[in-house]
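Here is the structure we will look at.
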Amino acid sequence: MGLEDNALVRRFINLGEKRAGSTTMGIVVGIVASFGGILYGYGTGTINGIMAMDHVKHTFPSNGEEFNSSETSLIVSILSVGTFFGSITTPLISDTLGRRWCLILSSLVVFNLGAVLQTAAVDIPLLCVGRVITGIAIGFISCTVPLYQSEAAPHWIRGAIVSCYQLAVALGIFLAAVFNQATHKIGNSGSYRIPLALQILWGLILGVSMFFMPETPRFYVSKDKDDKALRALSRLRKLPEDHSDLLEEFNEIKAAHMFECEVGKSSWRQVFSNKNYQKKRLTTGILCQSFQQLTGVNFIIYFGTTFFNDAGVDGFLTNLAINIVSVGTTIPGILLIEIAGRRNLMSGGAIGMSVSQLLVAIVGVSTSSDSSKKVLVAFSCIFIAFFSATWGPGAWVVTGELYPLSTRAKSMSLCIATNWLWNWIIAFTVPYMVDKDKGNLGNSVFFIWGGFNAICAVYSWAMIYETKGLSLEQVDELYEKVNYAWKSKGFVPTDRFSKATKKRSSSGDLDKESSVKEECV
């Protein structure tokens, strides 16, 4: 008996046609992979508090007192340079060695090397080198985890499983805030070395755990390794390899891939072609990841402690409170993604974020009283709550479901690279926007984020298709049959891929299938 047999689950979630076996293992695999979000969240979140520590400010800055705008911009944004290049090169590993080995190598080798260098640093150059290397690993991980989860998880709970990645990101940021709070008053290098060294532990946990996880069946199908694909699917569904329901699911995956191969060989050229509505899907994914950054969430993650201190609020405690809210509100988001659906969640979240940020900006520029400080903290928490329950997990879910198998890894790498490109732009420019000797925007910066979130709401309605409850192969059919995103809720999938495979098998058309394989591999 698996989670899909639970009466409460079946009441609120449309599971589709019940198949034999259990999907519990598929869920466990997805949750284990989610731990990659800890590395992402901790790696990006820890620098916020570290740069506000007294010992760090007396050790690293050129003047021995405070980081100037250029130093802040360099240290914070340099991570995103690594993540961008890591993201864009991920298919070289994930499409060659597999999704599983990509996670093992990136966490055990690349991430931990960067963590060691950061921990050993006593000046800005070595700290930046360590952050670049750590960033490359986070780029690999941020591309591969949603890809691995989407390909391994059962379709009826895929959105919730991928959303667990965002929960892990929030937990990572929260843990960074906790350890920064615990060590920031230490009067020696332990203040920053302890939280930085803990990154090694997170890398070891993910890398070792992935040794015990299976590769995804869809990766093996893409490499024409049908025996290994069946074995992996059997392990995920807890069914013997010759079971009819297992073979039916395998046939659907196989037939969808064969159809894609007939359309064209997997290549970067195909990623930018219009076959299988690829351009439309790629545009949707790139905009989705771009808008996730333009919500303004990383303004708080990267600069929250310093910003709140400058506003007359205890930055460390406020940042910790915001991270508690982030973790707590991501949990309902995991449930809502499968109950409310992708479109409703993303549209409603964008509206909520926009309103809360505009209120912060309006009150902030109208008065400088203690009441305005309370409004700043309160509505910052409300903004984080909306983000964590909607766009935080939702962006990973949407982009993880969008693409056909033949272009999935490459398309995901472009989307995530776009996310990190905007991450770098924000990390690099914000110090110049808000520092008192530069732009000195103060609370007015929230007008910018609020405006972008209003655009996010329009984008969600116009471009995000409702993929709740669909298999990855049925998403291909959705884009083929439905021209407009706002009409996607009424889509009813067929079992055409399963029928196509049965027809091909019964007709004995082996020569054609063999030639298609040669074109695709």
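Annotations for the structure displayed:
- Selected residue (criterion: surrounded by the most Cβ atoms within 10 Å (Cβ to Cβ)) from residues of the stretch 354-411 that are among the aromatic types (Phe, Trp, Tyr) and farther than 25 Å from ASP314 by Cα: TRP396
- Of the residues HIS243, HIS184, the single one that is crowded, with 16+ Cβ neighbours inside 10 Å, over 28 Å from the mean Cα position of the chain (by Cα), within 30 Å of GLY135 (Cβ to Cβ) and not small (Gly, Ala, Ser) is HIS184.
- Test: residue in the stretch 466-484 that is of a type in the set (Lys, Arg) and part of a helix (DSSP H, G or I): yes
- Exactly one residue out of ASN274, ASN319 is crowded, with 18+ Cβ neighbours inside 10 Å, out of contact with any Pro (no Cβ under 6 Å at 6 or more places or on another chain), among the polar types (S, T, N, Q) and at pLDDT below 85, and it is ASN319.
- Any hit, the stretch 146-164, residues being assigned to a helix (DSSP H, G or I), surrounded by 23 or more Cβ atoms within 10 Å (Cβ to Cβ), within 19 Å of the chain's Cα centre (by Cα) and basic (Lys, Arg): yes
- Residue satisfying condition, being within 29 Å of PHE212 (Cβ to Cβ), of a type in the set (S, T, N, Q), part of a helix (DSSP H, G or I) and within 25 Å of the chain's Cα centre (by Cα), within set SER80, SER142: SER142
- Residue that is farthest from GLY400 (Cα to Cα) [pool: residues in the stretch 419-462 that are of a type outside the set (Lys, Arg) and in a loop (DSSP other than H, G, I, E, B)]: ASP437
- Scope the stretch 87-125; condition part of a helix (DSSP H, G or I), in contact with a Ser or Thr (Cβ under 8 Å, 6 or more places away or on another chain), closer than 18 Å to LEU147 by Cα and not hydrophobic (A, V, I, L, M, F, W, C); matching residues: SER87, THR89, THR90, PRO91, SER94, ARG99, ARG100, SER106
- Filtering the stretch 338-380 to residues that are more than 22 Å from PHE452 (Cα to Cα) and either in a helix (DSSP H, G or I) or within 17 Å of the chain's Cα centre (by Cα) (or both) leaves GLU338, ILE339, ASP370, SER371, SER372, LYS373, LYS374.
- If the condition is being assigned to a helix (DSSP H, G or I), more than 21 Å from the chain's Cα centre (by Cα) and touching a residue at least 12 places away in the same chain (Cβ under 8 Å), then the stretch 209-230 contributes PRO217, TYR220, VAL221, SER222, ASP226, LYS228, ALA229, LEU230.
- Flag if SER507 is surrounded by fewer than 17 Cβ atoms within 10 Å (Cβ to Cβ) and modelled with pLDDT under 90: yes
- Hits in the stretch 426-443 - residues which are in contact (Cβ under 8 Å) with a residue 40 or more places away in the chain, surrounded by fewer than 21 Cβ atoms within 10 Å (Cβ to Cβ) and over 19 Å from VAL313 (Cβ atoms): PHE428, THR429, TYR432, ASP437, LYS438
- Filtered by the rule that a residue be over 27 Å from the mean Cα position of the chain (by Cα) and of a type in the set (Phe, Trp, Tyr), the stretch 417-451 gives a lone residue, TYR432.
The values are calculated or read from the model by the stated rules, or taken from the named source; none is laboratory data. Nothing here was measured: the structure is a model prediction, and the numbers come from that model. Here the Cβ is made from the backbone with ideal geometry for all residues, glycine too, and neighbour counts use every protein chain on show.
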